[in-house]
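Read the structure below first, then the notes.
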Amino acid sequence: MKKTKKKVNKKRVLILFLVILIIIILIFLTLNLKSNKTLKDKGYNNLEIIEIEKLTKSEIDTILKYDYNENLIYMIDSENYNPNKLNLYLKYTSKYKDIDYLKMFELINNNEFKETNIDEYVKYLDKYDISNTIKYVNNLKNDVELNDTTNGFLSEKYFIEDNLDRYLSYYEKHKDLSYKEIVKRINSNLDYEFYTDSKAADLSKGMYTLVNKFFYLDKNYVPDDLVDVTGIYARDKAQLKKVAYENFVKMADDARSKGLTLKVTTGYRSYSFQSTLYNNYVKADGVKNADTYSARPGFSEHQLGYSADLTNKDNVSFYEFQYTDEYKWLKDNAHKYGFIMRYSKENEYITGYVFEAWHYRYVGVDVATYIYENNITYEEYYEYFLK
Ligand SMILES: [Zn+2]
């Protein structure tokens, strides 16, 4: 009796299990058939359905919310396909049928894409490239219109939104210049006059502080942690900020291992010393000439303590330094120690100083390397990355 009851129980459990299994299989099949059937009803062909069925259930549900989309398969097969954006792809490729779906796909995939701006984007998508369209609509649309000129500026690597009005008005007066050249000039403030539109240097930038003919230091400004540069590292005696000194020493030691000698002639210069220096040059040479090679007091990078004028074992003059092996070596190595040649030949009109092969500024290895590799001035670097 007991035995039979046990057997019956076992049987019941087994039957129940089978029934549940069959129900599950039936539900699954019906659902699958249903989605398959609905996809078919939507107009997808068998090949398309095979591709769609590789997606997750929730993606398929999203697809079923929309009418047949002839570009769906291309989008889901693309390496840039993002399942989280499937709904947006379907919504806007069907809403804007005149727009090339690839453009719409790329637009939606862009990191700066904002759905609320979609109607604005589509106004420009036909004519201008996607990233410029997004930049323009997201940031600028109230100020200026997007046309070939603004588009030209938007395409520039160092384009700065806040400077667009200045690019455009400079362009009006200098239509012969390229967009690239105008961006370079405006980012270096060349639409202003040297020394007439100057502001206090932003010392909160620390070792990145920009001092030039637009940014000056107070006459009482003296950097802290200046250290003496002496012995084999200096012609006589000089001073530099500690970090600049330490990296100069590394650079000079490595140069020495190549048989080269680097010595500092001047590092830090006080406001009053610069004042005497500049005034003597003016007396001898007139303001106009003096301004091309000497900074007015307060406007000298030497007052910051991060700049060094260099010579070699023969104590060659500033002018002769460009012909030395030391200069040749510095050209391709200074950046590895965080130094940049601050006043290059090709950028005399940007810096306002004649070529100074001997003048190096410490800005740290990362910044110096970027400037070296991209061949830009510190003015341009500062405006684009640091300001
Ligand atoms: Zn100098």
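One table, with the values for the structure above:
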{"quantity": "Extreme residue, farthest from the ligand (Cβ to nearest atom), among residues of the stretch 271-295 that are under 33 Å from the mean Cα position of the chain (by Cα) and surrounded by fewer than 18 Cβ atoms within 10 Å (Cβ to Cβ)", "calculated": "Thr292"}
{"quantity": "Hey, Lys313 free of Cβ contacts under 8 Å to residues at least 60 places away in the same chain, part of a loop (DSSP other than H, G, I, E, B), farther than 29 Å from Phe159 by Cβ and out of contact with any strand residue (DSSP E or B) (no Cβ under 7 Å at 6 or more places or on another chain) or not", "calculated": "yes"}
{"quantity": "Matching entry among Tyr343, Tyr372 (being touching a residue at least 12 places away in the same chain (Cβ under 8 Å) and within 22 Å of the chain's Cα centre (by Cα))", "calculated": "Tyr372"}
{"quantity": "Subset of the stretch 122-148 that is assigned to a helix (DSSP H, G or I) and touching a residue at least 24 places away in the same chain (Cβ under 8 Å) - its residue that is farthest from Ser188 (Cα to Cα)", "calculated": "Val122"}
{"quantity": "Answer residue from the stretch 335-356, given it is within 14 Å of the ligand (Cβ to nearest atom) and farther than 19 Å from Asn289 by Cβ and is surrounded by the fewest Cβ atoms within 10 Å (Cβ to Cβ) among those", "calculated": "Ser344"}
{"quantity": "Exclusive hit being over 30 Å from Asn163 (Cα atoms), surrounded by 15 or more Cβ atoms within 10 Å (Cβ to Cβ) and aliphatic (A, V, I, L, M), set Ile130, Ile73, Ile108", "calculated": "Ile73"}
{"quantity": "Some residue of the stretch 261-270 being crowded, with 20+ Cβ neighbours inside 10 Å, within 16 Å of the ligand (Cβ to nearest atom) and β-branched (Val, Ile, Thr)", "calculated": "yes"}
{"quantity": "Qualifying residue in the stretch 220-232 (condition: in a loop (DSSP other than H, G, I, E, B) and surrounded by 14 or more Cβ atoms within 10 Å (Cβ to Cβ))", "calculated": "yes"}
{"quantity": "Selection status of Gln239, more than 35 Å from the chain's Cα centre (by Cα), within 16 Å of the ligand (Cβ to nearest atom), within 26 Å of Asn220 (Cβ to Cβ) and surrounded by 16 or more Cβ atoms within 10 Å (Cβ to Cβ)", "calculated": "no"}
{"quantity": "Some residue of the stretch 147-154 being among the β-branched types (Val, Ile, Thr) and under 24 Å from the mean Cα position of the chain (by Cα)", "calculated": "yes"}
{"quantity": "Subset tally (residues that are free of Cβ contacts under 8 Å to residues at least 60 places away in the same chain, under 20 Å from Asp332 (Cα atoms) and in a helix (DSSP H, G or I)) for the stretch 234-274", "calculated": "6"}
{"quantity": "Residues being in a loop (DSSP other than H, G, I, E, B) and crowded, with 16+ Cβ neighbours inside 10 Å - total across the stretch 85-99", "calculated": "2"}
{"quantity": "Yes/no for Tyr360 being within 12 Å of the ligand (Cβ to nearest atom), in contact with a helix residue (DSSP H, G or I) (Cβ under 9 Å, 6 or more places away or on another chain) and in a loop (DSSP other than H, G, I, E, B)", "calculated": "no"}
{"quantity": "Residues being more than 12 Å from Tyr360 (Cα to Cα), more than 9 Å from the ligand (Cβ to nearest atom) and within 32 Å of the chain's Cα centre (by Cα) - total across the stretch 296-316", "calculated": "4"}
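No lab work stands behind these numbers, since they all come straight from the coordinates. Remember, it's a predicted structure, so these values are computed and weren't measured experimentally. Positions of Cβ are generated from backbone atoms using ideal geometry, with glycine treated the same way; all protein chains shown enter the neighbour counts.
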